[in-house]
Structures are given as C-alpha cells and as structure tokens.
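Chemist: My structure is below; once you've seen it, I'll send some questions.
The values are calculated or read from the model by the stated rules, or taken from the named source; none is laboratory data. Since this is a predicted model, take the numbers as computed values, not measurements. Reconstructed Cβ throughout: ideal geometry from the backbone, glycine too, with neighbour counts over all protein chains shown.
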Amino acid sequence: MAADWTDAQNDAIVADYFAMLTADIGGRPYSKAEHNRLLQPAINRQRGSIEYKHQNISAVLKGLGEAWIPGYKPAFNYQGSLEDAVMRWLHRHPDWLASAIRTAMAPSAAALQEGATLWIGPPPTHSNAPAPEELEQMTAIARKYNVAERDARNRALGRAGEERVLAHERASLLAAGRTDLAERIRWVSHLDGDGAGFDIHSFDANGSDRLIEVKTTNGWERTPFHITRNELAVAEQRREDWRLVRLWNFAREPRAFELQPPLGAHVSLMATSFQASFL
C-alpha cells in the first residue's frame, strides 16, 4: 500500500497543477505528459499516482467553485490534506485568480455589442444530481470555505455576470423583433445601486416585465450562492415578474439557468447571519 502523500509532495503537485491551469485558461499550449514526467523524480511518485492526484485537485477546485482543468476529470476519493495544500497555494497567490481569468471572465466588447445569447439550460434537480457521496463532499467543501460569500464579495465577477446577462436580454429581444423593448432595458444595480432587489429590468417579447437578479460563479451549476432578505422579499412581491439567472462556468464558457419564485421550491434557503441589537 502506497504511503500517504506528504505536505511537500502535495504542495509540489498543486503548484504544478496551477501552472497547467493558468496555461489552460490563457489558451496557451502545455503538455500534461511532460509535466507528469518532470514531477515523477521530484516527488518520487509514479505516473499513474500523479495522474490520479491531478484528478483529486480538480475535485477540490470543483468544490471550491473554481475553474479546473477539463482533461483531469474530478476524482473524489482524496486525503483531506490535499484541500489544505490547495488552500495554501491560493493564500500564497491571492492575485492568481483575478490575473489568470480576467480576460476570460469579462466578455469582449465585440461580443457584448453583438449581443450573443447565453446557453440557458435546466436548473439542477434531484433527477440530475451527481452521486450522493460526490454531492456530499462538494457541499462540505463549499460550506467549509464559504464559497457563496466569496462569490458575493467578488464585485468584478458580479458586474461581469450582470453585463453578460444584459447583453443576452438585449439580443433575445432584438431576435424577437422587439427593438423598442430592447432599448428600454435598464441595468438597475449599476444605475441605481443594489437596493431594488434585482439587477436588471428587462422584458419578455410580449412586453411583460422581467426583473432579473443575477448570481455568477466560475464554479459548477450547484455552487451555492448568497441571496439577500430584500431580494427574497421582492421575489415574493413580484412573483410573476422576478427571475433569478444563475451564471456558472463563467471563466470558460458561461452557461445559465433560471429560477422562478417561490425559490424554496428549487433551493434550500439557510439563514447565514443575524442582526444583533441591544436590549
């Protein structure tokens, strides 16, 4: 039976993985086989062991709601010390994510002007859930490192996601021949601030309102997200009009799904903070 990986071995392979991931996101060529070959003598591990550990790192990053290397399918049977190694690397390189995916995250000006529509698919359900042990492990990682709060605090990511949905809404209305409505779309959060309970005021082709709250992540479709008390209240008050558009896989190829009120029919709503007042 192979010995457990040491912290030094984990740190070395995590650094190697991020070197490949940076190249992958940036569209630069790299050789997985060459990376593996050079690692073998450096950490005294065999090719197959290194290959599987790279898949383990993909699983950790998936749980963290981050991009991972598509060629390394997430494998979920790993030591807890690997999570620590990934977090150590991220803490040592706090600007890595922003610098590595800035270009990929923000759609080009040309794409926004052309108004390319988004891929809109079905929301996650019990019927399309992954295996229970995988879902449990991904949920545990997301909760442990509070990825919902991280995404909520990432203003650049949030703004880019709203901008992408804005372009999609305009393109959809133009394709439906409703130029009049496309010209009336308002980016409410940008123009008026965050107090409205939605980010974009758009329209259906028949002229009815679409009050859109955008939630964006670089992670997979089941990455948890934050929603405010005010957003929930507006969703209840304007059930016919309010929509939550969830953007995921944003750093690579943005995809989306929509949720309609009541949100409790789609997601588990958990209170994460409390207001304290003096007696």
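Chemist: So, LEU166, is that one at pLDDT below 90 and either over 16 Å from ASN218 (Cα atoms) or surrounded by 18 or more Cβ atoms within 10 Å (Cβ to Cβ) (or both) or not? Walk me through it before giving the result.
Modeler: Values: at pLDDT below 90: no; either over 16 Å from ASN218 (Cα atoms) or surrounded by 18 or more Cβ atoms within 10 Å (Cβ to Cβ) (or both): yes.
For LEU166, the condition - at pLDDT below 90 and either over 16 Å from ASN218 (Cα atoms) or surrounded by 18 or more Cβ atoms within 10 Å (Cβ to Cβ) (or both) - is not met.
Chemist: Restricting attention to segment 98-119, and to residues there that are modelled with pLDDT of 80 or more and surrounded by 13 or more Cβ atoms within 10 Å (Cβ to Cβ), which single residue is farthest from THR223 (Cα to Cα)?
Modeler: Narrowing segment 98-119 to residues modelled with pLDDT of 80 or more: 117-119.
Now drop any that are not surrounded by 13 or more Cβ atoms within 10 Å (Cβ to Cβ), which leaves 117-118.
Working: THR117: 22, LEU118: 19 Å.
Across segment 98-119, the extreme among qualifying residues is THR117.
Chemist: Consider segment 190-222. How many of its residues are among the hydroxyl-bearing types (Ser, Thr, Tyr) and in a loop (DSSP other than H, G, I, E, B)?
Modeler: Filtering segment 190-222 for residues among the hydroxyl-bearing types (Ser, Thr, Tyr) gives 202, 208, 216-217.
Then drop every residue that is not in a loop (DSSP other than H, G, I, E, B), which leaves 208, 217.
Residues in segment 190-222 being among the hydroxyl-bearing types (Ser, Thr, Tyr) and in a loop (DSSP other than H, G, I, E, B): 2 in total.
Chemist: Cβ-Cβ under 9 Å, sequence separation 6+ or interchain: first residue in segment 244-257 and within 15 Å of GLU162 (Cβ to Cβ) and touching a residue at least 40 places away in the same chain (Cβ under 8 Å), partner assigned to a loop (DSSP other than H, G, I, E, B) and of a type in the set (Phe, Trp, Tyr). Which pairs?
Modeler: Sorted first by the residue in segment 244-257, then by its partner, the pairs are ARG246/PHE225.
Chemist: Provide a single number: the residues in segment 185-200 that are over 16 Å from ASP241 (Cα atoms), charged (D, E, K, R) and either modelled with pLDDT of 95 or more or loosely packed, with under 14 Cβ neighbours inside 10 Å (or both).
Modeler: Looking only at that region, the number is 1.
Chemist: Further question on the same structure: Do you know which residues across segment 51-76 are farther than 17 Å from VAL147 by Cα and either surrounded by fewer than 23 Cβ atoms within 10 Å (Cβ to Cβ) or among the polar types (S, T, N, Q) (or both)? So that I can check it myself, show each step before the final result.
Modeler: As a first pass, look at segment 51-76 and keep what is farther than 17 Å from VAL147 by Cα: 51-56, 69-76.
Selection gives GLU51, TYR52, GLN55, ASN56, ILE69, PRO70, GLY71, TYR72, LYS73, PRO74, ALA75, PHE76.
Chemist: To continue, here is another question. If you check GLU169, GLU231, GLU236, GLU133, which single one turns out to be acidic (Asp, Glu), in contact with a Ser or Thr (Cβ under 9 Å, 6 or more places away or on another chain) and in the same structural domain as ALA256 (by TED's automatic domain parsing)? Don't jump to the end; show me each part of the working.
Modeler: Details: GLU231 fails: in contact with a Ser or Thr (Cβ under 9 Å, 6 or more places away or on another chain); GLU236 fails: in contact with a Ser or Thr (Cβ under 9 Å, 6 or more places away or on another chain); GLU133 fails: in contact with a Ser or Thr (Cβ under 9 Å, 6 or more places away or on another chain).
Testing whether each residue is acidic (Asp, Glu), in contact with a Ser or Thr (Cβ under 9 Å, 6 or more places away or on another chain) and in the same structural domain as ALA256 (by TED's automatic domain parsing) leaves just GLU169.
Chemist: Of the residues that make up segment 68-81, is at least one modelled with pLDDT of 95 or more, assigned to a helix (DSSP H, G or I) and farther than 16 Å from ALA251 by Cβ?
Modeler: Within segment 68-81, none of the residues are modelled with pLDDT of 95 or more, assigned to a helix (DSSP H, G or I) and farther than 16 Å from ALA251 by Cβ.
Chemist: Take the residues in segment 174-212 that are of a type in the set (Asp, Glu) and touching a residue at least 24 places away in the same chain (Cβ under 8 Å); name whichever of them is nearest to GLY161 (Cα to Cα). If you could, list the steps in order and put the result at the bottom.
Modeler: So the first thing to find is which residues in segment 174-212 are of a type in the set (Asp, Glu), and the list is 180, 183, 192, 194, 199, 204, 209.
Filter once more, so that each one left must be touching a residue at least 24 places away in the same chain (Cβ under 8 Å): 199, 209.
On the way: ASP199: 10, ASP209: 20 Å.
So, considering only residues that are of a type in the set (Asp, Glu) and touching a residue at least 24 places away in the same chain (Cβ under 8 Å), the one nearest to GLY161 (Cα to Cα) is ASP199.
Chemist: Any residue at all in segment 201-223 that is modelled with pLDDT of 95 or more and hydroxyl-bearing (Ser, Thr, Tyr)?
Modeler: Yes, that holds for at least one residue.
Chemist: Here's something else I'd like to know. Anything in segment 226-253 that is buried (at least 18 other Cβ atoms within 10 Å of the Cβ), assigned to a loop (DSSP other than H, G, I, E, B) and under 9 Å from the mean Cα position of the chain (by Cα)? List them, or say none.
Modeler: Hits for segment 226-253 are PHE250, ALA251.
Chemist: Residue check, ARG92 against (1) at pLDDT below 85; (2) surrounded by fewer than 17 Cβ atoms within 10 Å (Cβ to Cβ), all met but one. Which one?
Modeler: That leaves (1) as the condition not met.
Chemist: Still on this structure: Please identify the pairs in which a residue from segment 155-173 that is over 16 Å from ARG246 (Cα atoms) has its Cβ atom under 6 Å from the Cβ atom of a residue that is in a helix (DSSP H, G or I), counting only partners at least 6 apart or on another chain.
Modeler: Every condition considered, the pairs that remain are ARG170/ALA182; LEU173/LEU181; LEU173/ALA182.
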